[in-house]
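Quick notes on the structure that follows.
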Amino acid sequence: MNEIIDGGRIKGGFLISHMKWAKQQSHFDITQKMNGHLSAETLAILDSVILATAWYPFKTLIEIDRTIAQATGGDDSATLFELGRFAAQVTLNGMQKVVAASDPHKILRKQVWLHKQLVEFGNSEYIEIAPQIGRLVRSAYPWYSPVFCQGLLGYYSEAVTMAGGARVQIKETECICAGSEQCVFEISWRA
């Protein structure tokens, strides 16, 4: 899998929620575990006050997530999935009208708008395939990483669960990191 992480920006809410998850899961100081694994730029950001609405380098998120996954041990993909789930809980808890609608399609359509608010690059599209099946497509990403895609799997899964979907199944069927033109997330659930 390929990645290009030097460019693009994301909102600080990602960094805040991921660091909060790591601290809640760890019986050690996650920041100390990160020393030696992060660039000077990322360490400087972590030493400052991170604002949820400010823009930060995409590279910072990828470095932090990769380091959290390695520091916590176990399966990196599972850890990244959980980071994504937690980020969805933090992000979407403030959107009661969307979540309370008990309509997974509605919350997945809202991801197109949220993408523009939280990620400075690329495009997002949602396609309703069937009553309990949807497809999210991310395209035109000049910066990408399998670390980010693994987190999105967890984020979208949790979003559907929060909107009333049960037994959520999600799979990335195409990935820019593997040479595709876009990342495609196929999502299904039970009512």
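The values are calculated or read from the model by the stated rules, or taken from the named source; none is laboratory data. As the structure is a prediction and not an experimental result, all values here were calculated from the model. Using ideal geometry, Cβ is built from the backbone for each residue, glycine included, and neighbour counts are taken over all protein chains shown.
Here are some notes:
- Tallying residues that are surrounded by fewer than 17 Cβ atoms within 10 Å (Cβ to Cβ), modelled with pLDDT of 90 or more and in a loop (DSSP other than H, G, I, E, B) within the range 4-38 yields 2.
- Filtered by the rule that a residue be over 19 Å from G13 (Cβ atoms) and hydroxyl-bearing (S, T, Y), the range 35-78 gives S39, T72, S77.
- Test: G151 is modelled with pLDDT of 90 or more and touching a Lys or Arg at 6+ places or on another chain (Cβ under 8 Å): no
- The single residue among I4, I50, I16, I62 that is of a type outside the set (S, T, Y) and in contact with a Ser or Thr (Cβ under 7 Å, 6 or more places away or on another chain) turns out to be I62.
- Considering the range 69-186, the qualifying helices (runs of 4 or more DSSP H), each wholly inside and each with 3 or more residues that are surrounded by 17 or more Cβ atoms within 10 Å (Cβ to Cβ) and aromatic (F, W, Y), run over 146-162.
- Scope the range 45-68; condition modelled with pLDDT of 95 or more, out of contact with any Leu (no Cβ under 8 Å at 6 or more places or on another chain) and in a helix (DSSP H, G or I); matching residues: F58, K59, I62
- Filter result (among the hydrophobic types (A, V, I, L, M, F, W, C) and under 9 Å from the mean Cα position of the chain (by Cα)) within the range 148-166: F148, C149, L152, L153
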